[in-house]
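*Asks:* Can you keep this structure in mind? I'll have questions shortly.
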Protein chains: 2
Amino acid sequence: MTTRHDALALDADDALAPLRQLFQIPDGLVYLDGNSLGVLPRATATRVAQVVSQEWGEGLIGSWNAAGWMALPQQIGDKIAPLVGVGAGELVVADSTSVNLFKVLSAALALQRAADPARTVVVSERSNFPTDLYIAESLGRQHGCTLHLVDRPEDIPAALGPSTAVLMLTQVNYRNGRLHDMAALSAAAHAAGALTVWDLAHSAGAVPVALAADGADFAVGCGYKYLNGGPGAPAFCWAHPRHASQAWQPLAGWHGHAAPFAFEPGYQPAPGITRYLCGTPPVLAMAALECGVDTLLAARPLGGMAAIRAKSLALTRLFIDLVQQRCGGHGLQFASPDVDAQRGSQVCLAFSADSAAGQAGAAFAVVQALIARRVVGDFRAGDAKDGLPDILRFGVTPLYTRFADVWDAVEQLRQVLETGEWREARFNQRGVVT
Amino acid sequence: MTTRHDALALDADDALAPLRQLFQIPDGLVYLDGNSLGVLPRATATRVAQVVSQEWGEGLIGSWNAAGWMALPQQIGDKIAPLVGVGAGELVVADSTSVNLFKVLSAALALQRAADPARTVVVSERSNFPTDLYIAESLGRQHGCTLHLVDRPEDIPAALGPSTAVLMLTQVNYRNGRLHDMAALSAAAHAAGALTVWDLAHSAGAVPVALAADGADFAVGCGYKYLNGGPGAPAFCWAHPRHASQAWQPLAGWHGHAAPFAFEPGYQPAPGITRYLCGTPPVLAMAALECGVDTLLAARPLGGMAAIRAKSLALTRLFIDLVQQRCGGHGLQFASPDVDAQRGSQVCLAFSADSAAGQAGAAFAVVQALIARRVVGDFRAGDAKDGLPDILRFGVTPLYTRFADVWDAVEQLRQVLETGEWREARFNQRGVVT
């Protein structure tokens with residue numbers, strides 16, 4: 001049996017432990033929801049205040065040049081690029097993940113239409129994050145494409161064929177934490193003549209990502225999860241350099257123009273990834289995102305993404321072991337992979353012990369009961385008709401999650417289950433949840 | 001001749017003068033560029049700091065509910081709604097102006113395709129803000145539409161006909177400050193069977209806007225100009241209630257879903273304007289925008305938009321009169337309308353005195369020389385082949401612009417022209433300009 005002392009010993013040996021000091025984390029809170037919203041870096045409040053009071057307040061319009069606001073999409077993009085295995089100048093920060101997915105999926109479909117109009121199918125997972133499926137569905141309505149959803153990751157290769165235009169996946173599945181093999185799936189897609197679009201929402205900053213080496217064609221990612229950019233932080237997008245200048249993306253705004261301040265009536269897309277910009281970026285949010293990305297870059301002298309991945313796996317392995325050791329008999333089932341190589345930076349549990357008997361909100365209630373005990377994970381609703389269970393989700397963020405946090409979280413989970421307190425009505429009040 | 005004393009007397013009589021105290025304005029700066037980036041409201045720094053340190057830092061993921069982040073798009077939208085003449089629940093804040101234009105123009109074109117596929121033309125002005133034209137051009141590529149650009153506002157009605165799908169205009173033209181007659185043009189568009197899409201970038205918060213009463217169908221607007229929301233503040237969009245639920249907009253992200261937290265694989269658009277949301281909104285930027293909108297609402301007890309409009313016209317009239325009285329003989333030409341009812345909240349000057357003789361950058365140099373004298377207007381490049389002159393642009397913002405500011409600005413302009421200092425090489429250095 002693993003003890004809390006064992007967990008403390010792991011923290012004492014953790015080379016990344018000092019990075020936790022870069023963040024402001026509420027006292028006594030075990031926060032395992034950095035995969036929904038990363039915590040606040042200590043540097044952010046000061047930096048945002050500087051942007052507001054000095055750069056905006058004093059510098060006003062001149063700050064687009066003098067404070068370098070114009071360069072932020074590329075500047076922050078260049079900081080994210082090494083985290084996802086691409087080169088400087090290949091990635092820009094802009095808009096939201098959904099909007100960026102619309103851009104890159106549109107471009108990928110346009111390239112395929114030009115090459116082979118018979119390729120009209122987008123292949124994805126039924127359990128992919130819904131906004132990705134909605135965007136693909138919407139583009140399908142416009143361009144006569146259809147969405148082919150597979151239920152199991154093992155079924156993806158067989159779903160690829162001569163009608164496949166694009167394989168669109170989230171590298172780490174939001175519901176079950178499954179880490180896809182980007183290299184193998186990209187190779188399979190290319191062998192079938194398809195292009196790949198990867199959503200890195202749950203992988204950028206959480207696991208080593210090697211877009212270029214693993215054969216990705218397009219990618220998008222999220223700024224407010226493992227990049228710690230703040231609520232609704234701008235997202236990013238990348239197109240392989242061999243594609244970036246080959247297609248228009250449809251959101252042809254002035255910041256993507258080759259000469260935005262020439263104010264020409266006709267659109268001339270900028271070369272490369274800059275054409276994936278659209279309107280004016282939200283500067284306050286960009287500044288906060290840059291602070292967040294800097295916290296990841298602070299891990300570089302300590303081993304960078306490889307060290308982060310090693311600690312992430314040690315944290316989730318500890319979580320799994322402790323649940324197995326201490327939370328048996330209540331019907332919890334692991335929904336995330338047990339094999340390290342297949343697991344992202346989260347542990348997912350389906351809770352269906354007695355849910356058949358009028359406890360459809362059981363997983364939600366357990367999450368609420370844990371929050372009352374100052375352990376923050378989150379709940380993701382399932383969909384009975386699609387065979388998706390309700391999920392308790394616990395994300396670990398190696399920059400600030402401690403092994404002792406994992407021990408404490410599982411202990412609180414054990415108590416919630418043993419006491420049955422989650423059955424109390426107050427934990428079943430469903431509001432808006434994120 | 002109007003004296004500075006006269007200007008001071010107008011300030012002394014100005015009922016809106018106390019509102020200037022709501023803003024942090026650098027000492028000694030005459031800022032006539034609120035139509036590019038509004039100044040910083042005093043409340044903003046405190047509010048943004050609160051969102052960063054407390055709502056994000058302490059409240060973390062729970063703040064989506066507890067701090068009301070989820071409701072911000074509608075909540076701020078409801079504050080903007082009365083400024084543009086629409087009802088609560090009809091307008092949302094989201095994304096950038098360019099992205100929102102893509103949404104509403106897509107929806108308008110979809111409605112027209114369904115009603116009459118022969119309507120394939122978008123009518124606009126050649127001098128419309130380029131990003132609007134680029135978005136229309138891009139949608140045209142996708143849907144087989146063409147863009148018909150008129151050179152003079154008087155030519156718009158004659159350009160509308162049985163092939164017109166949409167009349168797309170910026171209510172106040174960014175280059176020449178021309179205020180279009182929304183009611184007359186909307187009526188002409190409807191008589192021709194066309195729908196109207198209005199960009200309110202230079203009118204929301206600057207002139208009274210009556211979208212519903214004036215027959216508009218769709219509208220978008222900018223948060224960082226007269227709404228004082230900060231650099232790159234989120235934008236807004238509106239669809240007339242009779243249209244809002246009639247079409248999908250293509251950026252079908254999860255925040256526009258009828259039940260975003262049900263995580264259903266299939267898209268079901270929310271009823272009404274909420275379907276115009278897409279991804280997760282940038283909360284820090286939203287909070288700053290709300291502070292900016294609040295500064296406009298503070299004018300309500302003092303007469304609201306009618307009082308703002310009256311002062312705006314008095315300010316621009318004073319600017320025009322002073323230029324005529326004091327800046328003759330240098331070849332300045334008014335590019336903005338002299339008729340009050342046709343003029344937005346800016347005065348535009350074309351400067352071509354001796355520009356034929358190697359002074360192609362003359363207007364730019366004058367703007368730079370003024371900035372060196374602490375008078376901030378801006379420069380907008382012309383386009384010789386389209387007959388658009390280079391422009392010096394001076395915006396007035398009645399919430400904080402004083403009559404004495406106008407007097408001082410014209411006096412500095414007079415000195416720049418009389419001394420000829422704008423011919424100095426240092427004023428001709430072209431960098432990125434916004």
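Just so you know, all these numbers are worked out from the coordinates, no wet-lab data involved. Everything numeric in this text was worked out from a predicted model, so none of it was measured. No Cβ is skipped: glycine too gets one built from the backbone with ideal geometry, and neighbour counts run over all protein chains shown.
*Asks:* First measure r as the distance between the Cβ atoms of A:Asn65 and A:Met1, then evaluate 1/(1 + (r/R0)^6) with R0 = 45 Å and state the FRET efficiency to the nearest 0.05.
*Replies:* Working: r = 62 Å, r/R0 = 1.37.
Rounded to the nearest 0.05, the efficiency is 0.15.
*Asks:* A further question on this structure: Compute the long axis of helix B:304-326 from its Cα atoms, compare it with the longest principal axis of the Cα atoms of chain B, and write down the angle in degrees, 0 to 90, nearest 10.
*Replies:* Taking the Cα atoms of chain B, the angle to B:304-326 is about 30 degrees.
*Asks:* Also, quick follow-up: Suppose R0 equals 30 Å; then what is the FRET efficiency for B:Asp386 and A:Ala183 from their Cβ-Cβ distance, rounded to the nearest 0.05?
*Replies:* Numbers: r = 50 Å, r/R0 = 1.66.
Using R0 = 30 Å, I get an efficiency of 0.05.
*Asks:* Further question: Between the helical axis of B:130-143 and the dominant principal axis of chain B, each derived from Cα atoms, what acute angle in degrees is found, rounded to the nearest 10?
*Replies:* Once rounded, one gets 30 degrees.
*Asks:* If I build a Gaussian network model for chain B, linking alpha-carbon pairs within less than 10 angstrom, which residue out of B:Tyr224, B:Tyr267, B:Tyr174 has the largest mean-square fluctuation?
*Replies:* Of the options given, B:Tyr267 has the highest mean-square fluctuation.
*Asks:* Dividing the Cα convex hull volume of region B:68-297 by residue count, how many Å³ per residue is that? Don't skip to the answer; put the middle values down first.
*Replies:* Details: hull volume 25.1 nm³, N = 230.
Taking only Cα atoms, region B:68-297 has a hull volume of 109 Å³ per residue.
*Asks:* Right, next: Let me check against my output: what whole-number percent is the relative contact order of region A:68-297, with C-alpha pairs under 8 Å and at least 6 apart? Write down the numbers at each step before the final one.
*Replies:* Numbers: 489 pairs, mean separation 54.4, N = 230.
Relative contact order comes out at 24 percent.
*Asks:* Which net charge results when you count Lys and Arg as +1 and Asp and Glu as -1 among the other residues whose beta-carbon is under 13 Å from that of B:Trp248? Please report the intermediate quantities before stating the final value.
*Replies:* Numbers: positive: A:Arg141, B:Lys103, B:Arg113, B:Arg275; negative: A:Glu137.
With Lys, Arg at +1 and Asp, Glu at -1, the neighbours total +3.
*Asks:* Could I ask something else about it? For region B:203-231 and region B:1-61, what is the separation of their C-alpha centers, rounded to whole Å?
*Replies:* Their Cα centres are 19 Å away from one another.
*Asks:* Taking neighbour counts of Cβ atoms within 10 Å as a proxy for exposure, in what order, fewest first, do A:Ser163, A:Ser245, A:Ser312 appear? Intermediate values should be presented prior to the final figure.
*Replies:* Numbers: A:Ser163 17, A:Ser245 14, A:Ser312 26.
Final ranking by Cβ density, sparse to dense: A:Ser245, A:Ser163, A:Ser312.
*Asks:* Using the Cα gyration tensor of region B:1-133, with a ≥ b ≥ c the square roots of its eigenvalues, what is the shape: rounded (a/c below 1.5), prolate (a/b larger than b/c) or oblate (neither)? Don't jump to the answer; show the numbers that get you there.
*Replies:* Values: a/c = 2.50, a/b = 1.21, b/c = 2.06.
Oblate.
*Asks:* Shifting gears a bit: Counting only residues 5 or more places away or on other chains, whose amide H sits under 5 Å from the amide H of B:Ser203 once H atoms are built in the peptide plane?
*Replies:* B:Val172
*Asks:* What is region A:189-258 by shape, rounded, prolate or oblate, if you read a ≥ b ≥ c off the alpha carbon gyration tensor as root eigenvalues and call it rounded for a/c under 1.5, prolate for a/b larger than b/c, and oblate otherwise? Walk me through the intermediate numbers first.
*Replies:* Numbers: a/c = 2.51, a/b = 1.13, b/c = 2.23.
Judged from the Cα gyration tensor, region A:189-258 comes out oblate (a/c at least 1.5, b/c at or above a/b).
*Asks:* Computed over the Cα atoms of the protein assembly as shown, what is the convex hull's projected area averaged over all directions, in nm²?
*Replies:* So the Cα hull casts an average projection of 35.3 nm².
*Asks:* Please list A:48-55, A:203-210 highest first by mean number of surrounding beta-carbon atoms within 10 Å per residue. Don't skip to the end; give the middle numbers.
*Replies:* Numbers: A:48-55: 19.9, A:203-210: 23.6.
The most tightly packed comes first, giving A:203-210, A:48-55.
*Asks:* Now for a different question. For label points placed 7 Å from Cα toward Cβ, what is the shortest-first list of nm distances from B:Ala191 to its copies?
*Replies:* Taking the point 7 Å beyond Cα along Cα→Cβ, the inter-copy spacings are 6.7 nm.
*Asks:* Helix-derived [θ] at 222 nm for chain A: sum -39500 (n - 2.57) over DSSP H runs of at least 4, divide by residue count, nearest 500? Please list the in-between numbers first.
*Replies:* Values: 13 runs with 148 residues, N = 434.
Helices in chain A give a 222 nm mean residue ellipticity of -10500 deg cm²/dmol.
*Asks:* A follow-up question, please. Say each of B:Ala191 and B:Ala310 gets a label point 7 Å from the Cα, pointing the same way as Cα to Cβ; how far apart are those two points in nm?
*Replies:* Reported label-point gap for B:Ala191 and B:Ala310 is 3.3 nm.
*Asks:* Hey, another quick one. Which aspartates and glutamates, on any chain, are close to A:Lys311 with Cα under 18 Å apart, when same-chain ones fewer than 8 places away are left out?
*Replies:* A:Asp6, A:Asp11, A:Asp13, A:Asp14, A:Asp33, A:Asp321, A:Asp338, A:Asp340, A:Asp405, A:Asp408
*Asks:* Same structure, new question: So how tilted is helix B:403-419 from the main axis of chain B? Cα-based, degrees 0 to 90, rounded to 10.
*Replies:* Here the helix axis deviates by roughly 60 degrees.
*Asks:* Would you list A:Arg309, B:Arg317, A:Arg242 from fewest to most Cβ contacts within 10 Å?
*Replies:* On the way: A:Arg309 18, B:Arg317 15, A:Arg242 8.
Sorted ascending by nearby Cβ count, the order is A:Arg242, B:Arg317, A:Arg309.
*Asks:* Add +1 for every Lys or Arg and -1 for every Asp or Glu among the other residues with Cβ under 13 Å from the Cβ of A:Pro130, and state the total.
*Replies:* Details: positive: A:Arg126, A:Arg175, A:Arg380; negative: A:Glu125, A:Asp132, A:Glu137, A:Asp199, A:Asp383, A:Asp386, B:Glu264.
With Lys, Arg at +1 and Asp, Glu at -1, the neighbours total -4.
*Asks:* If you take the Cα Rg of chain B and divide it by 2.2 N^0.38 Å, with N the number of residues, what do you get? Mind showing how you got there, number by number?
*Replies:* On the way: Rg = 22.1 Å, N = 434, 2.2 N^0.38 = 22.1 Å.
In units of the 2.2 N^0.38 Å rule of thumb, it is 1.00.
*Asks:* Another question, then. Could you work out the relative contact order of region A:72-139? I mean the mean sequence separation of Cα pairs under 8 Å and 6+ apart, divided by the number of residues, in percent. Could the numbers behind the result be given before it?
*Replies:* On the way: 45 pairs, mean separation 17.3, N = 68.
Computed over region A:72-139, the figure is 25 percent.
*Asks:* Taking amide H positions as placed 1.01 Å from N in the peptide plane, with prolines and chain starts having none, which residues 5 or more places from A:Val92, or on another chain, fall under 5 Å of its amide H?
*Replies:* A:Cys237
*Asks:* List, shortest first and in nm to one decimal, how far the label point of B:Arg42 (7 Å from Cα along Cα→Cβ) is from its counterparts in the other copies.
*Replies:* B:Arg42 label point versus its equivalents elsewhere: 3.3 nm.
*Asks:* According to a simple spin-label model (label point 7 Å from Cα along Cα-to-Cβ), what is the distance in nm between A:Gln21 and A:Gln142?
*Replies:* Calculated label separation equals 5.0 nm.
*Asks:* If the label for B:Pro26 sits 7 angstrom from Cα along the Cα-to-Cβ line, what are its distances to the same label in every other copy, in nm to one decimal, shortest first?
*Replies:* So the distances to the same position in the other copies read 4.0 nm.
*Asks:* Ok, one more. Which aspartates and glutamates have a Cα less than 19 Å from the Cα of B:Lys79, not counting those fewer than 8 places away in the same chain?
*Replies:* Once the sequence-local aspartates and glutamates are set aside, what remains near B:Lys79 is B:Glu90, B:Asp95, B:Asp199, B:Glu290, B:Asp294.
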